[in-house]
Amino acid sequence: MPELPEVESLRLSLEPYIVGSTFESVTVRNAKIVTSHGTKRTHDKNKQAEFETILIGKKIKSLERRAKNIIINLTSGDLLLVHLKMTGQLVFESARKLISGGHPIEESENKLPHKHTYIIFKLNNGTLYYNDVRQFGYVLYYKNKKELNDKKHFDKLGLEPFDSEFTLNYFKNEIIKYKSPIKTVLLNQKVVVGCGNIYCDEVCFASGVLPMRRCDTLSESEIKLIYKNIIEIIDKAINSGGSSIANYLLADGTRGNYADYHKVYGKKGKPCPNKKCNPKKSNSNTDEILLKSTTLSGRTTVFCPTCQI
Ligand SMILES: [Zn+2]
């Protein structure tokens, strides 16, 4: 599942190609995707028909991101809200360029549209496809920002890590209210958005704090380190195009390389990369301190039992 840095990378790579483009036609091949979100979705044919006609002739003004949502703003003031969820994918194809981002693309699915293509947006300069193997994602139409806000999509979300309101003071005051583990609180996105499973483990490791540490036991200096590392690690991940997970592709068809910087994620049983734990590279594993893993909030969690406390 893409995390915030991967969604931001997708937004950044689509932006130069589709901002300024005009919709020429829209075909929805699964009404559920455009009808609503959540588990009880219906195949509302009226909504589908409305979605297919309302965008025609309209122009894309900008692409925004809030947490893992992409908002496609139109010059007419209306907008589309896109959430890729587990396996959603946006692919832009033009005569000269194939731009894809989101989830894996199977070799056999390179030719578009394919059996997992659920929306085809024909633009004046190419085609934007929404593909989704498991169909948990959605693309919803809203008349304006107010209508979007009334739907409360973002109500449970905390601040963006780069928001000016996300200050150390704010973070400290919020985080100490919780008795649950730091990773659980970061994962639920209520204090700050952006730390999914990968980045939670990386932030905790960089801060020398165990993912299972109760928030109300964190010292001031630990909170400061966690705060600093959230911003730094997410920023670095966005700048590297996100992490390349399985076949996850960036919108320009390349792979994000933040995975090269992962210190603990996916490295259970490997020597701890902290020099304090393993000062020199030895050939025998006998004295090395190895990374361990556990399950926290239902997610595989990797940590160093020695330098994280
Ligand atoms: Zn260590």
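The values are calculated or read from the model by the stated rules, or taken from the named source; none is laboratory data. Keep in mind that this is a model prediction, so the values were computed, not measured. Cβ coordinates were reconstructed from backbone atoms using ideal geometry, including for glycine residues, and neighbour counts include every protein chain displayed.
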Go through (1) within 22 Å of Leu12 (Cα to Cα); (2) surrounded by fewer than 20 Cβ atoms within 10 Å (Cβ to Cβ); (3) not aromatic (Phe, Trp, Tyr) for Ile233 and report which single condition fails. (2)
Of all residues in region 18-47, count the ones that are surrounded by 14 or more Cβ atoms within 10 Å (Cβ to Cβ), under 25 Å from the mean Cα position of the chain (by Cα) and modelled with pLDDT under 90. 3
Answer yes or no: is there a residue in region 223-241 that is modelled with pLDDT of 95 or more and either in contact with a His (Cβ under 8 Å, 6 or more places away or on another chain) or within 16 Å of the ligand (Cβ to nearest atom) (or both). yes
In region 35-64, the residues that are in a helix (DSSP H, G or I) and within 21 Å of Val19 (Cα to Cα): Phe51, Glu52, Thr53, Ile54
Give the residues of region 180-223 that are surrounded by fewer than 21 Cβ atoms within 10 Å (Cβ to Cβ), of a type in the set (Lys, Arg) and within 24 Å of the chain's Cα centre (by Cα), sorted by residue number. Lys190
Looking at region 231-250, can you tell me whether even one residue there is touching a residue at least 12 places away in the same chain (Cβ under 8 Å), farther than 22 Å from Met86 by Cβ and in contact with a strand residue (DSSP E or B) (Cβ under 8 Å, 6 or more places away or on another chain)? no
Between a first residue in region 296-307 that is of a type in the set (Gly, Ala, Ser) and a second residue that is away from the ligand (no atom under 11 Å from the Cβ) and in a strand (DSSP E or B), which pairs have beta carbons less than 8 Å apart while being 6 or more apart in sequence or on different chains? Ser297/Pro181
